[in-house]
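Report on one structure; see the data block that follows.
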Amino acid sequence: MIYDERVLLHRPEAEEPFLPGRMDKRIRSILDGLGLSADAKWSYPEHPGRVTAIRDLLVGDPVPGVRFAGAEPATREQLQRVHTTSYLENLYELEGKQAWLDVDTTAISAGSLDAAEVAAGSAIAAVDAVFEKRAQSAFAISRPPGHHANAVRARGFCLFNNIAVAAAHAQFHWDIERVLIIDWDAHHGNGTQDIFAADPSVLFFDTHRAAPFYPGTGDVEEIGDGLGEGTTVNVPLPEDAGDRAVVAAFEDILVPAAEWFQPELILVSAGMDAHRNELCLQMSYDGYSALTGIVQRLADTYCDGRLVMSLEGGYNPDTLARCTRRVLEVMAGGEPATPREPGMA
């Protein structure tokens, strides 16, 4: 498990002044529309307590076979493999400041770029750990998340696309050709899809709640572009979809896709907000255990066991921590659960 305390530095706070400008005015108008005054108590939903809840659970109730390791910040060169130079330059001009980047609530604080560099670096460290055989698999417990950020834009709490940076690093540094990226977050990984849409060397598979749910993308017709046509696979789901639906999508769609693609590394954008407690989809803790079992099986079959996960969404700290622990249990060699249909023996 890759964890570095510097990911806690990202903490936009209502009590601190935001950089003035059009975006600040637009956000304030939205808050006013919700009946909140300019000095109302407001809490940024993607907060440090998300990852400290995971850390505290794993320290207090360790998973046998799981050990902690740190990370180094991603370098500008590593970030530039998936993000444009102009985007990075514009973002770094805000270093040390607090500002809104996007009307959909993406904000930065004085320490956010340090945290984001470490978050991307954590995904890279996880990749290096499995290729150097220091671990069979690895999970980066980091923030801010990444899968909504594309090459030129921050969105949905995401600054750098951590999983995309990790994929590009694996191909550049470890000289592999085919990477499978699985995104099981309840929200579509639109940024990851955009980055690799025309890249036939990356197979992107995404289960998510269907539009108009945020970000409103991920229709089944979105299959990639140009040379990458056919290497994007979207499975939009209704809001009441639970374990059986998601497991069926993995078994019936992902498994044959992986057989066709023959990946050399599997990366997972591991959002835990499809759990029923998050009110997005209807998965259970057993469901996450079952998905991990499928993904681990694919990694063992095609990738010599190389499996890397990077944390994405999940905003109920207790639920997030428990989901993550269930995933780690299977990654560390435990038996995956068999989900039950609620109300059925």
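The values are calculated or read from the model by the stated rules, or taken from the named source; none is laboratory data. All figures in this text were calculated on a predicted structure; none of them were measured in a lab. FYI the Cβ positions are ideal-geometry reconstructions off the backbone, even for glycines, and counts take in every protein chain you see. Note: areas computed on protein heavy atoms with side chains; ligands, DNA, RNA excluded. Shrake-Rupley method; radii C 1.70, N 1.55, O 1.52, S 1.80 Å.
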> Going by the conditions given, is residue 268 farther than 23 Å from residue 7 by Cα and of a type in the set (Val, Ile, Thr)?
Replying inline: no
>> Filter the range 234-250 down to the residues that are touching a Gly at 6+ places or on another chain (Cβ under 9 Å) and not basic (Lys, Arg) and list them by number.
In response: 234, 235, 236, 242, 243, 246, 247
>> Which residue is farthest from the chain's Cα centre (by Cα), if the candidates are limited to the range 65-85 and must be open to solvent by 70 Å² or more (accessible area, probe 1.4 Å) and without any contact (Cβ under 8 Å) to a residue 12 or more places away in the chain?
In response: 77
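Given the criterion at pLDDT 95 or above, more than 24 Å from residue 241 (Cα to Cα) and open to solvent by 30 Å² or more (accessible area, probe 1.4 Å), identify the matching residue among 170, 166, 198, 138.
Within the list 170, 166, 198, 138, the selection yields 198.
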> Any idea which residue in the range 278-313 is nearest to residue 262 (Cα to Cα), counting only those that are assigned to a helix (DSSP H, G or I) and small (Gly, Ala, Ser)?
Replying inline: 299
> What number of residues in the range 278-313 are of a type in the set (D, E, K, R) and within 16 Å of residue 54 (Cβ to Cβ)?
Replying inline: 2
> Among the residues of the range 234-277, which ones are open to solvent by less than 30 Å² (accessible area, probe 1.4 Å) and either free of Cβ contacts under 8 Å to residues at least 12 places away in the same chain or part of a strand (DSSP E or B) (or both)?
Replying inline: 234, 235, 237, 242, 265, 266, 267, 268, 269, 270, 275
> Can you name the condition, by its number, that residue 107 falls short on among (1) open to solvent by 10 Å² or more (accessible area, probe 1.4 Å); (2) modelled with pLDDT under 95?
Replying inline: (1)
> Among the listed residues 319, 301, 292, which satisfies the condition of being open to solvent by 20 Å² or more (accessible area, probe 1.4 Å) and among the β-branched types (Val, Ile, Thr)?
Replying inline: 301
> Out of all the residues in the range 112-135, which are over 12 Å from residue 308 (Cβ atoms) and open to solvent by less than 10 Å² (accessible area, probe 1.4 Å)?
Replying inline: 112, 113, 115, 116, 118, 119, 120, 121
